[in-house]
1. How about region A:48-72: which of its residues are in contact (Cβ under 8 Å) with a residue 24 or more places away in the chain and within 30 Å of B:Glu64 (Cβ to Cβ)?
2. List pairs: first in region C:1-30 and farther than 17 Å from C:Glu49 by Cα, second assigned to a loop (DSSP other than H, G, I, E, B) and among the aromatic types (Phe, Trp, Tyr), Cβ under 8 Å, 6+ apart or cross-chain?
3. Condition first: within 14 Å of chain B (Cβ to nearest Cβ), assigned to a loop (DSSP other than H, G, I, E, B) and either among the small types (Gly, Ala, Ser) or surrounded by 24 or more Cβ atoms within 10 Å (Cβ to Cβ) (or both). Now tell me which residues in region A:67-85 satisfy that.
4. Could you tell me which of the residues E:Ala174, E:Ala168, E:Ala142 is under 19 Å from E:Glu71 (Cβ atoms), part of a helix (DSSP H, G or I), among the small types (Gly, Ala, Ser) and out of contact with any His (no Cβ under 9 Å at 6 or more places or on another chain)?
5. Kindly list the number of the only condition in (1) out of contact with any Gly (no Cβ under 7 Å at 6 or more places or on another chain); (2) among the hydrophobic types (A, V, I, L, M, F, W, C); (3) within 9 Å of chain C (Cβ to nearest Cβ) that fails for D:Ala129.
6. Just to be sure I understand the filter: pairs with C-beta atoms under 8 Å, separated by 6 or more residues or on different chains, first member in region A:136-158 and closer than 22 Å to B:Ser80 by Cβ, second member of a type in the set (Val, Ile, Thr) and surrounded by 13 or more Cβ atoms within 10 Å (Cβ to Cβ). Which pairs pass?
7. Tally time: how many residues in region A:96-135 are β-branched (Val, Ile, Thr) and touching a residue at least 40 places away in the same chain (Cβ under 8 Å)?
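The values are calculated or read from the model by the stated rules, or taken from the named source; none is laboratory data. Since this is a predicted model, take the numbers as computed values, not measurements. Using ideal geometry, Cβ is built from the backbone for each residue, glycine included, and neighbour counts are taken over all protein chains shown.
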6 protein chains.
Amino acid sequence: MMSEHPISKYPVPELADLPEDIRNIMLAVQEKAGFIPNVFLTMAHRPDEFRAFFAYHDALMLRESGLSKAEREMIVVATSGANRCLYCAVAHGAVLRIYAKNPHIADQIAIQHPKADITERQKAMLDFAVKLARTPEAMAEADHQELRGHGFSEEDIWDIGAITALFALSNRMAHLIDMRPNNEFYLMGRVPPTKNN
Amino acid sequence: MMSEHPISKYPVPELADLPEDIRNIMLAVQEKAGFIPNVFLTMAHRPDEFRAFFAYHDALMLRESGLSKAEREMIVVATSGANRCLYCAVAHGAVLRIYAKNPHIADQIAIQHPKADITERQKAMLDFAVKLARTPEAMAEADHQELRGHGFSEEDIWDIGAITALFALSNRMAHLIDMRPNNEFYLMGRVPPTKNN
Amino acid sequence: MMSEHPISKYPVPELADLPEDIRNIMLAVQEKAGFIPNVFLTMAHRPDEFRAFFAYHDALMLRESGLSKAEREMIVVATSGANRCLYCAVAHGAVLRIYAKNPHIADQIAIQHPKADITERQKAMLDFAVKLARTPEAMAEADHQELRGHGFSEEDIWDIGAITALFALSNRMAHLIDMRPNNEFYLMGRVPPTKNN
Amino acid sequence: MMSEHPISKYPVPELADLPEDIRNIMLAVQEKAGFIPNVFLTMAHRPDEFRAFFAYHDALMLRESGLSKAEREMIVVATSGANRCLYCAVAHGAVLRIYAKNPHIADQIAIQHPKADITERQKAMLDFAVKLARTPEAMAEADHQELRGHGFSEEDIWDIGAITALFALSNRMAHLIDMRPNNEFYLMGRVPPTKNN
Amino acid sequence: MMSEHPISKYPVPELADLPEDIRNIMLAVQEKAGFIPNVFLTMAHRPDEFRAFFAYHDALMLRESGLSKAEREMIVVATSGANRCLYCAVAHGAVLRIYAKNPHIADQIAIQHPKADITERQKAMLDFAVKLARTPEAMAEADHQELRGHGFSEEDIWDIGAITALFALSNRMAHLIDMRPNNEFYLMGRVPPTKNN
Amino acid sequence: MMSEHPISKYPVPELADLPEDIRNIMLAVQEKAGFIPNVFLTMAHRPDEFRAFFAYHDALMLRESGLSKAEREMIVVATSGANRCLYCAVAHGAVLRIYAKNPHIADQIAIQHPKADITERQKAMLDFAVKLARTPEAMAEADHQELRGHGFSEEDIWDIGAITALFALSNRMAHLIDMRPNNEFYLMGRVPPTKNN
């Protein structure tokens, strides 16, 4: 499961040593994905923060929303690319490819979202997210108006902003501990699941 | 409790309409502080996010740590000043003045922490935090070494980074919704308690 | 009069050793304010520069103008906040609170002027000032047009720009010599005069 | 004396209409230089500010100093180049060429001072000045130590900083009013005096 | 050969209409790669510039050098990532994966080269290249010394700098014309040619 | 031909040692200009790159174009000023003065092109060029529209962008090798030809 490179600057607990609720979360994700993403393993160094982080994540990423799941992952990939966060860009890039059923979109959004094969509405969403991610002090009412003009509701805008904010946290944790993406993520969603090429 | 200005771009729920666990948190903080800080009222618009946010906050700000509570608030004030977040700079500035028993320290740290009346060790802590807050992509092992040279443990460094990361989230939420500080915060900790409020 | 911390990297002259005109200025300000602001004491290290500086200051800050005295101090506080000048933000923040009879306005303007409790016209004035302070090379005729659209006269615009320019000088002198604000400034204008001083 | 282009966005007073002290200053500089530099004509729109500006200028640029007059002009040219101030770069570039008896030095310093034909000590002086000009908030004791290591005295450092500060003001006034350099400055000091003009 | 999206803002010539030398270059690359990379098709809009560009490219990328071919592609990927050039990051990312026989390295270098699985020497090479790419004005002799300390020869340093310079050109052409990467590049080098995983 | 200062960090070949085609180019330019510009001498260290560079240069600077030769040099001077490239700003400044028959225009454009004595159309051209030079990732269709609004054709826009791109390369080579301008350039075009040289 781990490469020869450490996946964190900090100790990574053994599954057997973890509180049961956290171990159960890990086993569930392993069951579903076939491996445990390193963010689970590395954040488990601090169980209370682990619980709060994934509660926050699920509150935003799993809720009913005017944004599709692919759109929510676009926000993660665009802002993580802007913050040059290797873990989040690679891991959520994989998830985005799968949700969007598009093998090219994650690279496009991570590198230069204005030229990605997405709608103008989605580009406006990512402009807002990247501005909030990089220069939060510059946000103004005009930025909200721009999103409303593309048909986003007030709750959609909260979702866009809150996902950006959560990954502002997540990107900084990944930079802090040198979180390394699992090798599995690099190829996920690039080739059809049953066969290749 | 509210000034004539709105405290959020979003609806602020009535206490009576809130889930009981959230209402109880609010009543407890009101009991202790004499008022409900606006971050509680405005974040309650999304109960699940409210719960995750304050769970994260308490996991970091209330835990046993090599950092004093005043030092943790210094990190919040310095990074919120760097991010020009009015709510966090004013509200946590008040808390910092009280914990540090120093009426000048919050203004000094919010405006220019390298010239504040704090120790060299604390300045190194804030240099690390502000760098992670503003240019997370630039963090390197040398930054960790610098902190170790000032006697910070690995767990202390996680605390410094994680508090910075949480307030990277919090500052962006405040910018997103135009969160307004309660008037009470501006004066708290500036005058001896017997002469004030 | 002085705290335990030095108020300048440079020698601070004794009043008795100063040229009579400079000493008289100091005694007059002490009579009025109850203490001598450190900018007078520290700049007196160079009497000719002292005289030119305060002549320039008075020419702009005391003249008849379309800008109120509070508005002129807003410019000082906003640009000094942008330049992270502790002396000017704290000392002129105090003066601004008194002129504006508003205990919150200085913190709001120093940290994030676009969200301060001021008029749209005043926000436009501060946008112009902060742009000139931080990126003078980017100023264009369109910036002047914006101010004219808010009803500022040509002479008002000169005042806005010239106050910004003078405090570009002043902020740099303060950074150069590590000028420390008097403790008195931190609380001035925050509590009604009968309960304070 | 004036080109077909306006030399300021603001009215330029006639010599006959000026206060006598200011007119005398203009006549003296015209006598010496053969023309009146536009900074005199344009700043005379506000006589009190004119007097303070030139008093400050003379206090710094004419005083006894450990810096030569050419070195003082180097500071003006380097920081005005960094601030992209056309008037100051062109006008003081001319003065620098004359003081330094070097026809290439002003272009070198305005464009890229680290590669100019000057001493390492002078490059350190200009590094300090340009840092103070562009990012005053980043100045630290280490910058002063660097200059001391090159043999600059404390008073020399004040001179370097104060000249930088004065031209931070001057550059912003020039940007504010679109001050235009006199055509005479472009060629001054580029050819031996007997073959030129 | 072309996706449904245009590959350039400019007309893309038909092979039949091209000068023979250019058509032969295209046929040769198609023979070798199985498709014609879009940079050939789009730059052919200007045959003389096409010839000069590929002559420059081959002079640097095919010459004998102290840098391996993989290292030269690392420079292209790192600087193109820094410049957010989609075409170059994706197309040269593919070439890098193939030369380095490493399916993860291109994503790592494009997003955050300091955390890539490469040697310290290679990281120093990329630090130099990215600095020259983004802030050429800041390059100093110390940057050359750093490379010499890692064993790079003077000619190696020229190669590093010149490849960076050529892709400074290339990235800007790609941004100018909205050059689109061929779909083929996204997957190249990610799976073994004969089988997958 | 060479000053006492080295003109490159790298060896400068003797004319006698150069391939005949390159020597002939040098002799031709010497015949025409009266001296060999240092870019020819320094780039000859790598003959293949020399040939590609000057082929690219001539393809853009000598072609039939909607841009005059003076306008093409304006692009070089503006972007080289923005990149603080001493060689290109000084050498191409000389060429610009001669083509434009204007002794002031190069200094104006190198320091602050928006205030130069050029047309609004030319200012728009330089805004586009400087944006592409410094922040290529920010270029958008709106920038092209702005140029079209000033009457530039699609081919004109390619010329503007491609000249900018070529000098992005050239400026980086000059920074890499510390290319020094010939002394002759500083005065060229500043005085009428009969009185100069």
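1. Listed by number, the residues that qualify are A:Phe50, A:Arg51, A:Phe53, A:Phe54, A:Tyr56, A:His57, A:Leu60.
2. Filtered contacts from region C:1-30: C:Met1/C:Phe35.
3. Listed by number, the residues that qualify are A:Asn83, A:Cys85.
4. On the way: E:Ala174 fails: under 19 Å from E:Glu71 (Cβ atoms); E:Ala142 fails: under 19 Å from E:Glu71 (Cβ atoms).
The conditions single out E:Ala168.
5. (3)
6. A:His144/A:Ile157; A:Trp158/B:Ile177
7. Here is the first cut: in region A:96-135, the ones β-branched (Val, Ile, Thr) are A:98, A:105, A:109, A:111, A:118-119, A:130, A:135.
If we keep only those that are touching a residue at least 40 places away in the same chain (Cβ under 8 Å) too, we end up with A:98, A:118, A:130.
Total satisfying the criteria: 3.
So that you can scan it fast, the table gives a plain yes or no per residue for (1) within 20 Å of B:Arg51 (Cα to Cα); (2) crowded, with 24+ Cβ neighbours inside 10 Å; (3) touching a Lys or Arg at 6+ places or on another chain (Cβ under 6 Å); (4) hydrophobic (A, V, I, L, M, F, W, C):
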residue: B:Ala142; (1), (2), (3), (4): no, no, no, yes
residue: B:His150; (1), (2), (3), (4): no, no, yes, no
residue: B:Phe167; (1), (2), (3), (4): yes, yes, no, yes
residue: B:Pro181; (1), (2), (3), (4): no, yes, no, no
